[in-house]
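Heads up, the thing below is written out as structure tokens.
The values are calculated or read from the model by the stated rules, or taken from the named source; none is laboratory data. Just so it is clear, the model here is predicted, and its values are computed rather than measured. Positions of Cβ are backbone-derived with ideal geometry, glycine not excepted, and every protein chain shown enters the neighbour counts. When the accessible area is computed, the model is the full protein with side chains, heavy atoms only, and any ligands, DNA or RNA have been set aside. Shrake-Rupley method; radii C 1.70, N 1.55, O 1.52, S 1.80 Å.
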Amino acid sequence: MMRPEDLLCPGPSGLYSPLGDFYVDPVRPVPRALVTHGHSDHARAGHQAVLATAETLKIMAVRYGADFAGATQAMPLGETIRIGEVAVTFQPAGHVLGSAQIVVEARGCRIVVSGDYKRRPDPTCASFHPVPCDVFITEATFGLPVFRHPSDAHEIGKLLASLEAFPERAHLVGAYPLGKAQRVIRLLRDAGYDRTIHIHGALEKLCRLYEKEGVALGPLAPATVETGRKAEFAGAVVVGPPSAFSDLWARRFPDPVPAFASGWMTIRQRAKQRGVELPLILSDHADWDELTATIAELGPAEVWVTHGREEALVRWCELAGIRARPLHLVGYEDEGEE
Amino acid sequence: MEAFADLLDRLVLTPSRNAKLKLLSDYFRDTPDPDRGYALAALTGALSLRGVKPAMLRALVAERVDPVLFGYSYDYVGDLAETIALVWPAKASPHPDPPPRGGREKGPSAEDFAGGSEKESGGLPPAGSGQGTPSLGAVVEALLAASRSEGPGLVERLLDSLDAPGRWALIKLVTGGLRIGVSARLAKQALADLGGKEIGEIEEVWHGLAPPYRPLFAWLEGRGARPEAAARAPFRPVMLAQPLEERDLGLVTPEAYAAEWKWDGIRVQAVNEAGTVRLYSRTGEDVAAAFPDLAAAIDIEGAIDGELLVGRAEGGRIVAGSFSELQQRLNRKSVTPKVAAAYPAFMRAYDVLVDGGEDVRALPFRDRRARLEALVARSLAGRIDLSPLVAFATVEDLAVLRGRPPEPIIEGLMLKRWDAPYEAGRPKGPWFKWKRDPHTVDAVLMYAQRGHGKRSSYYSDYTFGVWRPAEGGGEELVPVGKAYFGFTDAELAEIDRFVRKNTVNRFGPVREVVHTARDGLVLEVAFEGLQRSGRHRSGIAMRFPRIARLRWDKPPAEADRIAALEALIAG
């Protein structure tokens, strides 16, 4: 059998397949890119050819404009195509709309690139599909045993309880514009919240895309002064990118409660540093239990760990008797807004 | 336990006082007895659980979590209580972490992990057992009943029975000191809000109550009678002064008002009832343990109001020391004999509430003053003296005296109506405080931080500095203080605009703004005093600094030098 490194190996532009002459989630422009999902550190503009799910391609077009790549090809989930000597299959990763794991196989060796993933159900995207493999390339954003995300319902409950306790204050929910924002809105709807939710301009196009893809988000309105006076935002939920809440933009809201939907909110000091009063532990990444359970379930001969707290997950594999190594890929957001 | 953990979690991140009060009173309203009573005790420092040392918690966690993984986690989180609360492996977890290495031959399986640390859980249901997590009352009562040797086992079982926020709350409880930014007074204010009472009423009944405070909550909810201040020597809510404003000057005549110096010490109420002695702060905390020397010298029967100062006996009278000497005795729960001897505390009395056994609060000040003089004259311990009356003919006399106080520990004048009774709270008219004009300094804005609540999108907390000689020659700015009030809303907007346009560096929520000899913003900062401080780079700490004026007209090079501040300390 060949070495897995001949099928996929880390390089300065990202993971490269010598047998198929393509990259996975390259961080620089390349001739041929396979893209797991639409977050900007994985999906960049300027490649000559991009292979991704139809949803991911649409997300990239919304973010970068229709001409973000020389050529694009939509890859249906579960189907296999051949690129050079390599059989390539996309399987759902449960991370955000359109997110996929990329399965590459040649000469009897199978590697699964998880991309970013999570295991708990998400009403805005298809669930993670486990694929047994020889090498599992896992993310490790929350790869420390301190990260055990509570249930979505519990966290949304915290937001609803706060709305009830402080009906005169606007609740500003910081959420990453792709995926997290739509999930927060959808979870609120699932919890029975039917009032209009105000959104920052940076979210508008992506929310519209999600709706078009069949994720109903209920009544939304832009959070602008034209649509509402200060008093009209009393008790309102406003969703926007976390960076916006330190901007002048935030001044239009009455005595706001700053909230932030992120896996980082597990750590109180993180919340405190950012001035967050209402931390909502909602993550689109696997927590420690999901990461370790997934490795145990897939039973790979080898685990490669990338972006995040690589050393702790490598240590866990070592204790569990599984070969593991950190990839040290550059260019992915380690401390990203998530 | 869940509601209490949620409350702590929310309080620790909530900066606004009003929001904290709302969270507290909602909790007290919605939580049953005895849980809310134990929560109140924990918040007011009235709960004395057998202490658990951090080392014991580390030992417990080391039995369950690989030390390398724990080390990575602790490095990342940075706080021991929080790390343990988060990393503690739930027993029922379907995919637990491998146990620490040692004696294990083969690779671990799920069964290995689950079986690893099975123990009897002693009456408390584990999390996820369907019986729910234990209540705060159950946790506190179990901890109160546990002996020293049972402690670690009980804490371990409790950690097993709680989720991460609950574990954090538990560790806060057992390691002592919640440190979540809630004072006992704030908790009492929340009780007052809950029951529609004045905070003075809560303070008056507080001593003599014990956790879990069932009669107190019954009274607040209108289901029971007001708890009698059953304890001897109870606290009586204090009378406070309003600041004297210009339009009040005409009221001040020697016929209507008595004048006294305003001492910059700490307000205390000394009570001795049939040998029971209490020394209360102005909010009703018993501070006798921090001032045992003074408490032992309260040898006159009754309740007197005055200022605690640090000083020396000189020729049969007491001479007050400086505020920095007083500092040596502040913020301590107890005091060593050495410190107590080096910085002896005494009380300068200015009012009497109970004379012998008689409540004299309804008498006019003129009569109370006479009684006070007679009462203080009976003290033999040499630690209580009288705050002298300041003679004056016109309000202009007072204005002059106020600017030239005879001692540095004086911060102005007090004016008290001769005919006023002793009235709890801050009534308008009977008592005025007329403070000495503050000191000011021209300083340069160096850093700005975003505020909270209504100000969360404004840069409203300012660190400012003055010039000092730089090591390599020339001059540099050194921070001397931080101020976050004193300006108008319009000025806030102006400073905010300046900060956003002149940022040279960012550190999280903090921006460094331009501050060179030529470019920068000069702030006129008013303050009450200065102290030496080893904690500040400048060696100086400012008391009560606030922004008095924006000096757009002044180039930073013309701001003050540190020598000007050092001269103030020396003087």
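If only the Cβ of Lys and Arg carry +1 and only the Cβ of Asp and Glu carry -1, the dipole of the range B:482-529 around its Cα centre is close to 340 debye.
When accessible surface is computed with a 1.4 Å probe, chains A and B are found to bury approximately 3800 Å² between them, both chains counted.
Heavy-atom accessible area, probed at 1.4 angstrom with all protein chains present, ranks B:D519, A:D289 as B:D519, A:D289, highest first.
Gain on full extension, evaluated as 0.36 nm per residue between B:V510 and B:A564 minus their Cα-Cα distance, stands at 16.6 nm.
Mind checking A:284-290 for the average number of partner chain beta-carbons within 10 Å of each residue's beta-carbon? Before the final figure, lay out the partial values.
Numbers: counts 0, 0, 0, 0, 6, 7, 1.
Rounded to a whole number, the mean comes out at 2.
Solvent-accessible surface, computed for protein heavy atoms with a probe of 1.4 Å, shrinks by 30 Å² or more for the following residues of the range A:146-192 when the other protein chains are added to the isolated chain: A:V146, A:R148, A:H154, A:A165, A:F166.
In debye to the nearest 20, how big a dipole does the protein assembly as shown give about its Cα centre with +1 on each Lys and Arg Cβ and -1 on each Asp and Glu Cβ? Could you put the intermediate results ahead of the total?
Values: 111 positive and 119 negative charges, 255 e Å.
Here the size comes out at about 1220 debye.
Excluding same-chain neighbours fewer than eight residues apart, the aspartates and glutamates reachable from B:K197 by a Cα-Cα span under 17 Å are B:D26, B:E221, B:E228, B:E423.
Place a point 7 Å from Cα of B:A3 in the direction of its Cβ. Which residues in the range B:22-55 have their backbone N less than 17 Å from it? Those under the cut-off are B:22-43.
Model label sites at B:E471 and A:S151, defined 7 Å from Cα along the beta-carbon direction, differ in position by 5.8 nm.
The heavy atoms of A:M75 offer some 10 square angstrom of accessible surface to a 1.4 angstrom probe. Among beta bridges from DSSP that stay inside the protein assembly as shown, the antiparallel ones total about 70%. When the Cα gyration tensor is reduced to axis lengths a ≥ b ≥ c, the ratio a/c is 1.5 or higher for the range A:251-330, and with a/b above b/c it is classed as prolate. Axis angle, to the nearest 10 degrees, between helix A:288-298 and the longest C-alpha principal axis of chain A: 30 degrees. Computed extension gain for A:A87 through A:K272, at 0.36 nm per residue and net of the alpha carbon distance, reaches 61.8 nm. Here's the list of aspartates and glutamates a cross-link from B:K428 could span, going by alpha-carbon distance under 15 Å and ignoring same-chain residues fewer than 8 apart: B:E245, B:E246, B:D248, B:D419.
So if R0 is 25 Å, what FRET efficiency would A:E5 and A:V330 give, r being the distance between their Cβ atoms, rounded to the nearest 0.05? Intermediate values should be presented prior to the final figure.
Working: r = 18 Å, r/R0 = 0.72.
That pair, A:E5 with A:V330, gives E of 0.90.
Segment A:E168..A:K212, full-extension length gain: 12.5 nm, with 0.36 nm per residue of separation and the alpha-carbon distance subtracted.
For the range B:435-527, what does the alpha-carbon gyration tensor say about shape, rounded, prolate or oblate, given a ≥ b ≥ c as the root eigenvalues, a/c under 1.5 as rounded, and a/b over b/c as prolate?
Details: a/c = 2.04, a/b = 1.20, b/c = 1.71.
Judged from the Cα gyration tensor, the range B:435-527 comes out oblate (a/c at least 1.5, b/c at or above a/b).
Summarising the label geometry, the points placed 7 Å from Cα in the beta-carbon direction at B:A517 and B:R17 lie 4.4 nm from one another. Averaging Cα coordinates gives a centre for the range B:469-519 and one for the range B:149-164; these two points are 49 Å apart. One Cα centroid belongs to the range A:45-71, the other to the range B:168-243; the line between them spans 63 Å. Among beta bridges from DSSP that stay inside chain B, the antiparallel ones total about 90%. Seen against the Cα atoms of chain A and their longest principal axis, helix A:54-64 is set at about 60 degrees.
Estimated from the Cβ-Cβ distance and a Förster radius of 22 angstrom, the FRET efficiency linking A:E318 and B:L80 is about 0.30.
Once all protein chains are placed together, A:H39 keeps about 20 Å² accessible to a 1.4 angstrom probe.
Our helix-only sum for chain B, with -39,500 (n - 2.57) per DSSP H run of n ≥ 4 divided by its residues, gives a mean residue ellipticity at 222 nm of -9500 deg cm²/dmol.
Using a ≥ b ≥ c from the Cα gyration tensor of the protein assembly as shown (square roots of the eigenvalues), is it rounded, prolate or oblate, where a/c under 1.5 gives rounded and otherwise the larger of a/b and b/c decides, a/b for prolate?
On the way: a/c = 2.36, a/b = 1.79, b/c = 1.32.
Note, shape of the protein assembly as shown comes out prolate.
With r defined as the distance between the Cβ atoms of B:E407 and B:A55 and R0 fixed at 45 Å, what FRET efficiency is calculated, to the nearest 0.05? Once rounded, the FRET efficiency stands at 0.40. With both labels modelled 7 Å from their Cα along Cα-to-Cβ, the A:V27 to A:D41 distance reads 0.9 nm. The alpha-carbon of B:K53 sits under 18 angstrom from the alpha-carbons of these aspartates and glutamates, leaving out residues fewer than 8 places away in its chain: B:E63, B:D79, B:E82, B:E150, B:E156.
Heavy-atom accessible surface of the range A:1-143, averaged per residue, reaches 35 Å², computed with a 1.4 Å probe.
In this structure, the residue pairs whose Cα-Cα separation is over 30 Å, taken from A:K118/A:K212; A:K180/B:K188; A:K212/A:K272; B:K416/B:K482; A:K158/B:K188; A:K272/B:K338, are A:K180/B:K188; A:K212/A:K272; B:K416/B:K482; A:K272/B:K338. For chain A, the longest principal axis of the alpha carbon atoms and the long axis of helix A:180-190 meet at an angle near 60°. The mean accessible area for residues of the range B:283-330, using a 1.4 Å probe and ignoring ligands and nucleic acids, is 36 Å² per residue. By accessible area, using a 1.4 Å probe on protein heavy atoms only, chain B has 51% of its surface on carbon and sulfur. Set the Cα radius of gyration of the range A:152-280 against 2.2 N^0.38 Å, with N its number of residues, and you get 0.96.
Farthest toward the positive end of the dipole of chain B, out of B:V390, B:G153, B:F487, is the Cα of B:F487, where the dipole comes from beta carbon charges about the Cα centre. Which percent, nearest 5, of DSSP beta bridges in the range B:439-570 are antiparallel? Here the share of antiparallel DSSP bridges comes out near 95 percent.
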